[in-house]
1. Considering the chain as a Gaussian network with a 10 Å cut-off on Cα pairs, which listed residue, PHE166, PHE18, PHE175, attains the greatest mean-square fluctuation?
2. Could you give the alpha-carbon Rg of region 66-170 over 2.2 N^0.38 Å, rounded to two decimals?
3. Can you pull the percent of Cα pairs in the chain with separation above 36 Å?
4. Based on alpha-carbon centroids, what's the gap between region 237-274 and region 19-35 in Å, whole number please?
5. Express the Stokes-Einstein translational diffusion coefficient of region 167-294 in µm² s⁻¹, to the nearest whole number, given a Kirkwood radius over alpha-carbon pairs, 25 °C and a viscosity of 0.890 mPa s.
6. Averaging sequence separations of C-alpha pairs under 8 Å and six or more residues apart, then dividing by the length of region 167-294, give the relative contact order as a whole percent.
7. Name the most mobile residue of THR119, THR179, THR260, meaning the one with the largest mean-square fluctuation, in a Gaussian network model of the chain with Cα contacts below 10 Å.
8. Determine the gain in length on full extension of the stretch SER200-GLU48; use 0.36 nm per residue of separation and subtract their C-alpha separation, reporting nm with one decimal.
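The values are calculated or read from the model by the stated rules, or taken from the named source; none is laboratory data. This one's a predicted model, so the numbers in the text were calculated from it and none came from an experiment. Every residue, glycine as well, gets a Cβ built from its backbone with ideal geometry; the counts of neighbours run over all protein chains shown. Protein only, heavy atoms only, side chains kept; ligands, DNA and RNA dropped before computing areas. Shrake-Rupley method; radii C 1.70, N 1.55, O 1.52, S 1.80 Å.
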Amino acid sequence: MFVTVQVPATTANLGSGFDAVGVALAWHSFVTLEPYDNLVVEVVGEGEKEIAKNENNIAVKALRTLLRQLPEDVVKPLSKGFRLRLENRFPITRGLGSSAAARVGVLVAANILLGEPLTLEQILKLATELEGHPDNVAAALFGGIVVAVSSEEGVTCVKFSPPLDFRIALLVPDFALETRKAREVLPSTVSRADAVYNLSRAALLVAALATGQIDRLKVAMQDKLHQPYRQSLMPWLAEVFEAALNAGALGVHLSGAGPTVAAWCEDESKGEAVAKAMCQSLRAAGIDGYWHVVSLDIQGAKVVQRG
Ligand code: HSE
């Protein structure tokens, strides 16, 4: 008995929508889970050398948390142990939601193996608690564009698919940036002016994406709550943003906590031109990297194999 779940990369924040807006990308990893006599973790692809293959693995921790929360008879199929295979096809520690993908992937797989004791909303709540913010996990779970808010009522989330077939040009710099570090540089308080700057743009962003008013995206993705502070860790950021917009991007933002940059484009050829311009700008700053143009994933995590 095993289950393989396909789970998308995600880009979070979209500039103004800090910790609330997320988008699933058509760039997928795979999580396979099967009951076993003890714990075996296999990691192939991105991070195969660095990622822990024991109880410290974040997917193992997520699964252990789930198993602790459910009644003994329900968790029986996995209580002796399990084999977990993480096939990572998109980069880790680059702001593309690899930790969210691992957590969501293993929780969805375990839920299937255990006879679906949890609803998707309960999986979202647990994954959000583990992740610390709901944006990446909600997008990884549901696909499309999500707005997700944590409150005392759990995670309140709306998913929608945009009316247009966007392409997102991703610039992936050759260095790792832990989300924890990228959050440490953020101030604990902000001015009312900056709060209003972002909330007005975040509202504009969602309205523009939902209605396909793409000429609004440039302003809608502007941000004063995290990107200006994170620039201290990525001094090349402003120039890369400028290169993307000059090459015709509709809007540009740091992907999650970075260092990947995401530029929204109308089609594939514009996406490639924008990606190349961003890559050139990054290299001019002495940093290597590569680019990848993706479309949106509108399905989210899904079971692709079971046996
Ligand atoms: N919203 C989170 C942050 C996303 O910006 O820190 C991390 O991928």
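1. For the chain, modelled as a Gaussian network with Cα springs under 10 Å, the answer is PHE175.
2. Working: Rg = 15.1 Å, N = 105, 2.2 N^0.38 = 12.9 Å.
Its radius of gyration relative to the 2.2 N^0.38 Å reference: 1.17.
3. That fraction is 16 percent.
4. 22 Å
5. Values: Rh = 14.9 Å.
Here the translational diffusion coefficient equals 164 µm²/s.
6. Working: 204 pairs, mean separation 51.8, N = 128.
Relative contact order here is 40 percent.
7. Taking springs between Cα atoms under 10 Å, the residue moving most is THR119.
8. On the way: separation 152, 0.36 × 152 = 54.72 nm, distance 4.15 nm.
Stretched fully, the SER200-GLU48 segment lengthens by 50.6 nm.
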